[in-house]
1. Quantify how strongly other chains surround peptide A:457-469 by giving the mean number of their Cβ atoms within 10 Å of each of its Cβ atoms.
2. What total accessible surface area, summed over both chains, is buried at the interface between chains B and A, computed with a 1.4 Å probe and given in Å² to the nearest 100?
3. Give me the accessible area per residue for the range A:15-261, probe 1.4 Å, as a whole number in Å².
4. Give me the percent of accessible area attributable to carbon and sulfur for chain A, probe 1.4 angstrom.
5. Just the Cα atoms of the range B:19-122, one point each, no solvent: what log10 I(q)/I(0) does Debye give at q = 0.10, 0.13, 0.14, 0.19 Å⁻¹?
6. For Cα pairs less than 8 Å apart in space and 6+ apart in sequence, what is the mean separation divided by the residue count of the range A:271-546, i.e. the relative contact order in percent?
7. Can you give the convex hull volume per residue for the Cα atoms of the range A:341-417, as a whole number of Å³?
8. In whole Å, what are the Cα extents of the range A:423-479 along the three principal axes, biggest one first?
Amino acid sequence: MTPSRTGRDDGPPLFSIITPVFDPPVDVLEETIASVLAQEHRDWEWILVDDASTDPTVVATITRHMLGDPRIRLLERDVNGHIVAASNDGIAAARGEFVVLLDHDDLLTPDALAVNARLIDEHDDVDYLYSDEDKVDARGRTYGRFTKPDWSPERLRGQMYTSHLSVVRTSLVREVGAFREGYDGSQDHDLALRIGEVARRVVHIPEVLYHWRAVAGSTSAAIDAKPYATVAGQRAVQDHLDRTGVAARVDQGAEPGRYVIQRELDPGIRVSVVIPTLGQDAIVFGQRRVMVVEAVRSLLARTAHPDVEVVVVHDTPTPAAVLDELREVAGDRLVLVPYDKPFNYSEKMNLGAVAASGERLVLLNDDVEVISERWLENLVAPLDDPRVGMTGAKLYFDDSTVQHACHAYWGSHYRHPFRFWTRDEPGPFGELVVNREVSGVTAACAAMTRETYFEVGGFTETLPSNFNDVDLCYKVRHVGRSIVWVANCELFHFESRTREGRAEAWERYAVVRRWGIPEDDAFTPSAVASPMIDPHRILRERIREADPGVRAPAAAPQP
Amino acid sequence: MTQDATTPPGDAELERLREEIAQVRHELLVNRDQVIGSDAEVGRVNRDLTRLTQELRSTTRKLRRTTERATELQQRLARSKKRHDEQVQRLRHRVEQLEGELAAARTSFPRRVVRSVRRRLR
């Protein structure tokens with residue numbers, strides 16, 4: 001059987017599968033070949049580029065299959081050029097409309113090309129498609145499914161998450177210069193970043209179409225198997241930021257293959273931090289403190305940004321001494337807005353936003369304490385990208401377990417995934433240590449441009465206490481902007497762990513009436529987001545609530 | 001509202017104008033929220049309508065298919081029942097026929113006595 005054509009007029013697309021080959025175990029290669037021959041979609045060509053394998057049976061095996069199926073082509077390199085050179089040889093020889101990147105020991109599912117063809121047919125302008133993936137062990141058992149988010153350019157800066165199976169328009173791969181020398185080990189990350197910069201449409205296929213073989217020494221078995229790859233990855237991300245004009249520095253992340261973006265914020269931009277308060281005090285880390293005062297103190301101490309305005313919207317019963325203390329801490333950066341109506345968080349925040357003079361607004365609760373340096377720069381600077389409408393922070397309970405790492409809306413509810421994970425845990429697939437697009441963030445610490453805040457009408461005042469941030473996030477996405485959760489903007493949030501249960505049914509209904517019932521989350525799918533709740537911790541909280549005399553769990557020391 | 005550290009004291013007119021601007025901006029926010037909320041609700045209702053219309057179409061198709069199938073099965077049942085009745089009728093008739101034949105073929109009592117006497121005389 002031969003491929004029917006080189007491009008697509010009205011019919012299905014021709015795929016060029018590109019596989020660089022270098023000394024794979026022949027039985028494993030046979031399995032890979034079988035998985036390609038089993039494709040339901042028939043319009044493909046397969047370019048295997050032998051990168052000077054030392055084992056002669058490799059070429060013999062490919063040749064035998066080539067004789068049986070003319071869609072298989074073998075290119076033989078005289079010298080070993082590594083994966084970049086071999087892959088580029090394959091791309092240069094490709095005749096299909098899309099290239100499919102397949103490693104010499106991995107497996108495609110039988111419907112892999114058919115599913116891609118269907119989605120290409122649905123979207124004329126699609127340039128890049130990626131699917132979910134899992135791993136396959138030596139005994140052929142699959143495990144470790146990576147349920148990926150929809151297209152998330154910010155997350156791609158933090159990790160190579162699109163990975164397998166990647167299908168890219170051939171003309172675009174050539175236009176961006178295909179794989180680049182010098183990025184071995186992260187050459188696919190580098191290519192995905194460059195493709196992402198110019199692609200008209202990127203489509204995520206939420207199905208496993210690729211089984212990544214976990215063998216000793218491969219990246220699928222252990223992420224730190226190729227230390228040189230993370231250095232190349234860091235360079236690839238830095239190049240991408242430089243190309244796209246993002247003022248930021250890339251650091252290595254909490255685990256190999258994860259990258260931290262340290263952003264620069266234009267010093268000429270005024271940032272207004274809006275904080276609602278009643279001036280209450282509480283015992284934190286064994287000491288009594290006025291919450292709002294310490295929140296302001298910590299937020300100013302941990303940023304070098306020169307133009308910060310602090311807008312405190314205070315209920316009129318707030319003690320005068322608290323306001324005096326705020327004046328002392330914030331000086332002429334403080335703007336006080338009195339509020340004398342019954343409690344309505346949304347209205348207080350809206351009044352604060354109205355009084356603010358900054359181009360960027362940070363929405364902050366008074367029961368927080370900023371932990372991370374340059375928190376403001378990292379939180380606010382992503383808003384320089386006009387596609388981003390809102391950012392949010394990583395919040396911890398006082399024992400340093402995660403309180404907030406994004407909202408996820410699925411299964412008819414609004415959720416806080418990753419609750420109670422510890423501060424040093426990276427999350428199932430790096431979710432807790434890389435910036436990423438999300439469906440929503442808590443307004444306990446969030447940032448927006450003033451323009452976006454007014455465009456969406458701020459917080460809805462029909463929801464005075466609960467779900468107003470959920471509604472705000474929906475509104476931001478409704479006007480076509482994304483929401484980015486920022487992993488390296490960290491704060492303590494001394495919120496009651498059980499407060500969430502007090503939401504009323506009518507509040508939830510008000511959100512559902514506008515936005516419908518959430519089914520599955522596009523960015524933090526339920527398979528990843530299922531709350532990993534520690535039952536012992538819940539039990540401990542219930543005991544403490546039932547009998548306050550019981551010794552409270554030890555709080556983590558202050559960092 | 002007090003512009004705590006920046007407002008010159010005693011400038012009441014400026015303060016009043018600031019408050020008025022703030023009020024208008026606040027009203028603008030509330031109105032904008034209502035516009036966005038209504039827009040979202042209309043979108044959501046339209047999506048619901050589209051989904052319900054599709055479900056209705058699909059259910060109608062399913063109902064039509066099921067009705068056709070039920071009719072077909074009823075017709076098949078009637079045909080089977082008719083065939084069954086005919087067969088029962090035919091078999092009953094045959095039984096009667098065979099019973100008649102059997103009765104006709106059965107040997108008479110005087111003839112069996114004669115045969116028995118003859119056997120003994122031999």
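1. Numbers: counts 10, 7, 3, 6, 5, 4, 0, 0, 0, 0, 0, 0, 0.
Going residue by residue through A:457-469 and averaging, the value is 3.
2. 2100
3. Details: 9340 Å² over 247 residues.
In whole numbers, the range A:15-261 has 38 Å² accessible per residue.
4. Working: 11220 of 21700 Å².
So the carbon and sulfur contribution to the accessible surface is 52 percent.
5. Log-scaled intensity ratios, in q order: -0.73, -0.85, -0.88, -1.03.
6. Values: 568 pairs, mean separation 60.7, N = 276.
In percent, rounded to a whole number, it is 22.
7. Working: hull volume 11.7 nm³, N = 77.
It comes to 151 Å³ per residue, whole-number rounded.
8. 37, 24, 17
The values are calculated or read from the model by the stated rules, or taken from the named source; none is laboratory data. Treat the numbers as computed from the prediction; the structure is a model and nothing was measured. Every residue, glycine among them, receives a Cβ derived from its backbone with ideal geometry; neighbour counts consider all protein chains shown. Heavy atoms of the whole protein, side chains included, go into the accessibility calculation; ligands, DNA and RNA do not. Shrake-Rupley method; radii C 1.70, N 1.55, O 1.52, S 1.80 Å.
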